[in-house]
Each structure stands twice: as C-alpha cells, then as structure tokens.
Amino acid sequence: MSRKITVIGTGYVGLVVAVGLADFGNHVIGVDIDENKIENLKKGISPIYEPGIEEYLTRNLNSGRLKFSTEIDKAIQESEVIFIGVGTPPKENGEADLSYVFDVAETIANNLNDYKVVVVKSTVPVGTNRKIKEFIKEKSGTDNFDVVSNPEFLREGKAVYDFFHPDRVVIGYESEKSKEIMEDIYRSLYLIQTPFVWCNLETAEMIKYASNAFLATKITFINQIANLCEAVGADVHKVAKAMGMDGRISPKFLHPGPGYGGSCFPKDTKALVEIGRKNNVDMSLVKEVINANEKQKERMVEKLEKYMDLKDKKIGILGLAFKAETDDIRESPAITIINKLIEKGAKVIAHDPKAIENAKKIFGDKIDYVDNEYKAMNDADALMIITEWNEYRNLDLEMVKKLMKGNIILDTRNVLDRKKIKEMGFVYEGVGR
Ligand code: NAD
C-alpha cells in the first residue's frame, strides 16, 4: 500500500530518503525551511552533488509522487508518516545539538490532526526518541501517534545506491501498528531480502553510534599502523590487504589517509563520548580515536615540513571535499590542513571538482581557488593530494613537472604510482609506505 509521507529536511539524508521513498511508490512531500533549496528542487535541481540524485528526482517529480514545499504545517497534516531528517550538528562541548529536531517535533505536535508515525532519521543520542515522544505528547495533548527510530547509514557519494541496497535497515519501534506501516513503506526492500533489524528505540539509536564509532576506530587504527609502517620500513597496503583476508577483520575501511572527516564520524564519535560521560560509562577508546584523528591531519603538514619551511611557499592542494564524489566539506581533513598551512605562512591554491563553492564559505579569500587541477600546481613548491577524486589518479606527470617550481608531492591518499613518480625525479611522500 502506498503511504502518504512528509520528509522534513531536504539535505544529504532527507533528499535521498524523499526521492527513494517516492521511487518505492509512496507519495512524498519533501519540506525544508530553506526556500531556495525547495524552489530548485521543484525544478528538479539538486542542492547537493550526489551521483544519480537528479535522475531519481526528475523521474519521481514527473510521476507526481514527489513534491516539494515550504508549507510544513500543511504537509504534516496531509501525511500519515513524518520522517525527521534535519541536522544534529555538534555543539561546542561535543554534544549533539538537538534544537532543529525539537523545533520540528513542536511543529509536528501542533499539526497532529490524526494518527501519525514520526520516524526519526536524524542521528540522535540514545534516549532522544523517547524524549521526542514525551515532548510531542505533552505539547499536543494526545498520544495518537507513534515514534520510530530509523537511523540512516548511507555513504555520501554513494547515497542513492545505498538507499536502494542497504546492508540492513534498523527500526526501533514500540507499537505493532507503526511496525506494519514501516513494513509497508519499505516493502520494496523486503522483496530483495534486505535484512531488517527490529528493536526498541534505544537499541536503534545505539546501533547508529556504535557503527560509526567502530568505523572511525578502524580508520584510525590503520592510520596509526601506517605511521608505524613508515618508521619501520613496512608497506601498509600489503599489511592492510593481508589483514583484510582474515574474515574476522574484512578489508573495508582499512585504507590509510589524512584522517577521517565528514558530517558524521567526527560529530558522532564526540556525541558518543558525551553520552558515555552522562551515563558514567568509560568511552576512553573512542576519546583516543578522536585525538589520534586530529593528530593524523596535523601529521600531513608535518610531513611537508620535513622538506621545507612553509613560510611564503606556494602549496597546490588537490581536493577539498572530505571524500571523493561529494561536495560536502564538513570536517574535511582539508580544512585542518589548509588552516595549518596558512598559519605557517604558506600560500594555498586549491582545486576540487565539486566542493569549491562550499570551501569559499569557510576560507573566503584566504586561499586561491582554481577550476582546473593543473592550475593548482602552477609554480607550486609542493603539491598535496587530499581527496581521492578519480581525476587525480592519472595526472599527466610530464605536465606536473613542467608546471611545478618544486618537486615534492604529498599524496595523503596513496592514489599515485609512487614508483613512476620517483623515477621522474619527484620527491614522493605517501602514507604508510
Ligand atoms: P543537512 O545539513 O545536509 O540537511 C539538513 C536540512 O534540514 C537542511 O536542508 C536544513 O535547511 C533543514 N532544516 C533545518 N531545520 C529545519 C526545520 N525546522 N524544518 C525543516 N527543515 C529544516 O544534514 P544531513 O547531512 O542531511 O544530516 C541530517 C541528519 O542525518 C543528521 O542527524 C546526520 O547526523 C544524519 N546522517 C547524515 C548522514 C550523511 O552522510 N550526511 C548519514 C547518516 C545520517
């Protein structure tokens, strides 16, 4: 049965969820307070760069099953299921800022004209779903609704694929009625035998934080092993490959690099430490992961300083996004690295295929931006690859040589052929080799 759904917040998660649920045959209204975003979405223009999203957007707009609006009250009243997909950014102390989520909860409470399922997609600390339930009940004076926790696991850059092929769907619920509705909404995934984990609200919330903290730990672990490999003359790629052959370990998330970034791992690890502190439970392992990750980003600048005093040096930067195939630069290692370079007196010229507009909001005119990767290395003393965009994997090295003033290449993602680079007379630094 096709359900009437409103998705509140049309960012990286909400937009993908809205188009995905419409593609499953549901009738979906995507709403946001950002009028500009909604105007573009109505025309089929995605406010974010996410491979494949515009195709699904157009297809579902044309089918009439997907609409966008800024009239949040009306959308809630017309829908049976409300997905909350607004941001939960970190506060100064690391805690998740829940003000956007509770603003939305209040709007839902004010528009509870009939039974509704409130599905929390945003990543929220353990216990929040229950608080949302109590809050809506108190504000609306009715309990004719259910709250469901349905955390999102999509990867930016592969979000559309992940929505249609999730490893698992986690649903924390309390009433059979809400379970049946969720089964209906995700029927298409049932048909392809996606595993569903049905659990209570707290367990669903915990699964999300535990998963992200574990992945952040795995990355940090291999980064530290990479640093040790450098010191002892081992090759981290071979180490990671052989480790990954052990079925208990798995080869995924064992790629060394400049430290993890993005809108999830940094904030979710910090929030988990805060949840631990509030519950008097030791989260020292995750705390250390956060510290080690900060050091890993700084280490990339130290690598460069082995070769030069950075003052007045021209450093070409390839990649600003926190990973390839996204325009998202939230907590990108590039931010820490560039800030450190500026602090040390270097001049930065940066390229990214998709993230320049977002980077301008952070760096303004403190750095130069170029629209072609080769312009970033023109006259540069050193070149640094920070994001693993495909187009950086096959640089024309003759051209690089001709353009650069210096000969140092710092490849923080190990994407270049180091043997070839060294043969051409460059000084090559990777991570862990
Ligand atoms: P985002 O910042 O890209 O999008 C949030 C959207 O919500 C914005 O468009 C904003 O305008 C809108 N919004 C804020 N307040 C609103 C309100 N009161 N009414 C309507 N719209 C409102 O955030 P995101 O990256 O999509 O993340 C959303 C949530 O999903 C977060 O909790 C995040 O932790 C979680 N999550 C994100 C990812 C990811 O890869 N980005 C993955 C899994 C989970």
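The values are calculated or read from the model by the stated rules, or taken from the named source; none is laboratory data. Since the structure is predicted, the reported quantities are computational estimates derived from the model, not experimental observations. Glycine gets a Cβ as well: all are built from the backbone with ideal geometry, and neighbour counts include every protein chain shown. Just so you know, the surface numbers come from the protein's heavy atoms only, side chains and all, with ligands and any DNA or RNA stripped out. Shrake-Rupley method; radii C 1.70, N 1.55, O 1.52, S 1.80 Å.
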| request: Answer yes if at least one residue in the range 65-84 is among the basic types (Lys, Arg), at pLDDT 95 or above, on the phi < 0 side of the Ramachandran plot and touching a Pro at 6+ places or on another chain (Cβ under 8 Å), and no otherwise. | output: no
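Residue by residue, here is whether (1) outside the structural domain of residue 188 (by TED's automatic domain parsing); (2) within 11 Å of the ligand (Cβ to nearest atom); (3) out of contact with any Asp or Glu (no Cβ under 6 Å at 6 or more places or on another chain); (4) open to solvent by 30 Å² or more (accessible area, probe 1.4 Å) holds:
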residue: 8; (1), (2), (3), (4): no, yes, yes, no
residue: 13; (1), (2), (3), (4): no, yes, no, yes
residue: 39; (1), (2), (3), (4): no, no, yes, yes
residue: 46; (1), (2), (3), (4): no, no, no, no
residue: 50; (1), (2), (3), (4): no, yes, yes, no
residue: 57; (1), (2), (3), (4): no, no, yes, no
residue: 70; (1), (2), (3), (4): no, yes, no, yes
residue: 77; (1), (2), (3), (4): no, no, yes, yes
residue: 92; (1), (2), (3), (4): no, no, yes, yes
| query | Under the condition of being part of a strand (DSSP E or B) and not aliphatic (A, V, I, L, M), which residue from the range 79-90 is least open to solvent (accessible area, probe 1.4 Å)? | reply | 83
| query | Can residue 319 be described as of a type outside the set (S, T, N, Q), under 25 Å from residue 153 (Cα atoms) and in the same structural domain as residue 410 (by TED's automatic domain parsing)? | reply | yes
| query | What number of residues within the range 280-327 are surrounded by fewer than 12 Cβ atoms within 10 Å (Cβ to Cβ) and part of a loop (DSSP other than H, G, I, E, B)? | reply | 7
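Per-residue answers, yes or no, for (1) free of Cβ contacts under 8 Å to residues at least 24 places away in the same chain; (2) within 21 Å of residue 410 (Cβ to Cβ); (3) among the basic types (Lys, Arg):
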| site | (1), (2), (3) |
| --- | --- |
| 232 | yes, yes, no |
| 253 | no, no, no |
| 260 | no, yes, no |
| 265 | no, no, no |
| 270 | no, no, yes |
| 285 | no, no, no |
| 311 | no, yes, yes |
| message | Which condition from (1) assigned to a helix (DSSP H, G or I); (2) out of contact with any strand residue (DSSP E or B) (no Cβ under 9 Å at 6 or more places or on another chain) is the one that residue 250 breaks? | response | (1)
| note | Taking the range 24-58 and keeping only residues that are without any contact (Cβ under 8 Å) to a residue 40 or more places away in the chain, over 19 Å from residue 75 (Cβ atoms) and not in a loop (DSSP other than H, G, I, E, B), one is left with 54, 55, 58
| said: Condition first: basic (Lys, Arg) and loosely packed, with under 15 Cβ neighbours inside 10 Å. Now tell me which residues in the range 202-259 satisfy that. | reply: 238, 241, 248, 252
| remark: If we ask which residues in the range 21-37 are among the β-branched types (Val, Ile, Thr) and away from the ligand (no atom under 12 Å from the Cβ), their number turns out to be 1
| request: Return only the number of the condition from (1) at pLDDT below 95; (2) within 18 Å of the chain's Cα centre (by Cα); (3) over 29 Å from residue 352 (Cβ atoms) that residue 2 does not satisfy. | output: (2)
| said: If the requirement is being surrounded by fewer than 17 Cβ atoms within 10 Å (Cβ to Cβ), in the same structural domain as residue 125 (by TED's automatic domain parsing) and either within 17 Å of the chain's Cα centre (by Cα) or not acidic (Asp, Glu) (or both), which of these qualifies: 192, 185? | reply: 192
| field | Complete set of residues in the range 170-192 that are closer than 14 Å to residue 147 by Cβ and either part of a helix (DSSP H, G or I) or of a type in the set (D, E, K, R) (or both) | value | 174, 177, 178, 179, 181, 182
| query | Mind checking which residues of the range 94-132 are touching a Ser or Thr at 6+ places or on another chain (Cβ under 8 Å), crowded, with 18+ Cβ neighbours inside 10 Å and in a loop (DSSP other than H, G, I, E, B)? | reply | 98, 112, 122, 123, 124
| Meets criteria (in the same structural domain as residue 314 (by TED's automatic domain parsing), in contact (Cβ under 8 Å) with a residue 60 or more places away in the chain and more than 23 Å from residue 262 (Cα to Cα)) for residue 380 | yes
| Close pairs from the range 60-80: first under 17 Å from residue 20 (Cα atoms), partner open to solvent by 60 Å² or more (accessible area, probe 1.4 Å) and part of a helix (DSSP H, G or I), Cβ under 6 Å, at least 6 apart | 68/42
